[in-house]
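Okay, structure first, notes after.
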Amino acid sequence: MTWVNLTSIEQLDEIKNASGFSLIFKHSTRCSISLMAKKNFEFDWDIIPADTKLYFLDLISYRDISNQIAEIFQVAHQSPQILLIKDGECVLEASHSDISADEVAEVIAA
């Protein structure tokens, strides 16, 4: 699996309008906890279905996109944070040590 870099507001429209599942990983490049959460997630991400689009947001560089994510999907901003989107709605939100590829795969399989 590979990350799709989230660098434009237009990509949020694509995610919102996509059918099926998309995942957004909000990452702070200045935070060691965020780096650890990302590494742990990537270690297990092969259990997530391959057709799930994985978006990576460097929220230091793209804070405006991070703010839009919070508004569009009605979640509080956290870092690190994952949002699992299905058919335009956030069906799972997790942050810090609660970020889990296992949980993402379970929600998708349900």
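The numbers here are math on the coordinates, done by the rules we state, and not lab data. Model, not experiment: these values are computed from the prediction. We place every Cβ from the backbone using ideal geometry, glycine too, and count neighbours over all the protein chains shown.
Given the rule -39500 (n - 2.57) for each run of at least 4 DSSP H residues, summed and divided by the residues of the chain, what is its mean residue ellipticity at 222 nm, to the nearest 500 deg cm²/dmol? Helix contribution divided over all residues of the chain: -11500 deg cm²/dmol.
Counting only DSSP beta bridges whose two residues both lie in the chain, roughly 60 percent are antiparallel. Summarising the amide proton neighbourhood of F56: residues at separation of 5 or more, or on other chains, whose placed amide H is nearer than 5 Å comprise V4, N5, L6, F25. The residue among Q68, S32, T52 whose Cα reaches farthest toward the positive pole of the charge dipole of the range 4-109, with charges on the beta-carbon of Lys, Arg, Asp and Glu, is S32.
From the coordinates of this entry, Rg/Rh (Cα atoms, Kirkwood Rh) is computed, and it appears in (1) 1.23; (2) 0.92; (3) 1.04 under the label (2). The GNM of the chain, with springs linking C-alpha atoms under 10 angstrom apart, assigns the highest mean-square fluctuation among D98, D51, D87 to D51. Magnitude of the charge dipole for the range 4-109, about its Cα centre and with charges confined to Cβ atoms of Lys, Arg (+1) and Asp, Glu (-1), is about 380 debye. Backbone geometry of the range 83-89 corresponds, through the Karplus equation with coefficients 6.51, -1.76 and 1.60 at θ = phi - 60°, to 3J(HN,Hα) couplings of 10, 9, 10, 10, 6, x, 10 Hz, x marking Gly and Pro. Our summary gives the range 4-109 a relative contact order of 38 percent, counting only alpha carbon pairs under 8 angstrom and 6 or more residues apart.
Less than 5 angstrom separates the built amide H of V91 from those of L84, I85, K86, all sequence-distant by 5 or more or on a different chain.
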